Amino acid sequence: QVQLVESGGGLVQAGGSLRLSCAASGSIFSIDGMGWYRQAPGKQRELVAVISSGGLTNYADSVKGRFTISRDSAKNTIYLQMSSLKPEDTAVYYCNAGYALGHSAWGQGTQVTVSS
């Protein structure tokens, strides 16, 4: 089992920045990759950014050039640095980990609100 705890959400004005953190615990040796997803009211959950166990990254087109996913292996933590935030980035952001070849764990979510 893998457990995830997110932190770092909040309220920010358009153009501002926030950094989200996601700390993993449990069977961390079995994690294949981790990522961030978000869900806005009335919309489906969507991929924001992912990072593989080898450090490869991928981003949704809507956040490319503005968001950066990174990890600190020593702390078993991934981060999402969000810059040039827009009101349309407002959502609950969830951390996800794929592990043990097919299992998936989710964090509890953290609210990000961008005011115009």
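Residues of region 5-116: accessible area per residue at 1.4 Å, in Å²?
Details: 5810 Å² over 112 residues.
Ligands and nucleic acids excluded, the figure is 52 Å² per residue.
How long is the gain from K43 to K64 if the chain were fully straight, where each residue apart is worth 0.36 nm and the alpha carbon distance is subtracted? Please report the intermediate quantities before stating the final value.
On the way: separation 21, 0.36 × 21 = 7.56 nm, distance 2.02 nm.
Difference between extended and current length: 5.5 nm.
Could you please tell me the mean projected area of the C-alpha convex hull for region 24-67, averaged over all directions and given in square nanometres to one decimal?
Working: hull surface 16.7 nm².
For region 24-67, the mean projected area of the Cα convex hull comes to 4.2 nm².
Obtain the radius of gyration and the Kirkwood radius of region 70-116 from its C-alpha atoms and give Rg over Rh. Write out the running numbers ahead of the final one.
Values: Rg = 13.4 Å, Rh = 12.7 Å.
Rounded to two decimals, Rg/Rh equals 1.06.
Considering only protein heavy atoms and a probe of 1.4 Å, how much of the accessible area of the chain is carbon and sulfur, as a whole percent?
Working: 3080 of 6070 Å².
Of all accessible area on the chain, carbon and sulfur atoms account for 51 percent.
Relative contact order for the chain: what is it in percent, counting Cα pairs under 8 Å that are at least 6 residues apart?
Numbers: 288 pairs, mean separation 43.1, N = 116.
Worked out over the chain, it gives 37 percent.
For the chain, set up a GNM with springs between Cα atoms under 10 Å and report which of L20, L101, L80 has the largest fluctuation.
L101
Using all Cα-Cα distances in the chain, what percent lands in each 5 angstrom bin from 0 up to the longest?
2, 13, 24, 26, 19, 10, 5, 1, 0
The values are calculated or read from the model by the stated rules, or taken from the named source; none is laboratory data. Bear in mind that the values here come from a model prediction, so they are computed numbers and not experimental data. Ligands, DNA and RNA are excluded from the accessible area calculation, which covers all protein heavy atoms including side chains. Shrake-Rupley method; radii C 1.70, N 1.55, O 1.52, S 1.80 Å.
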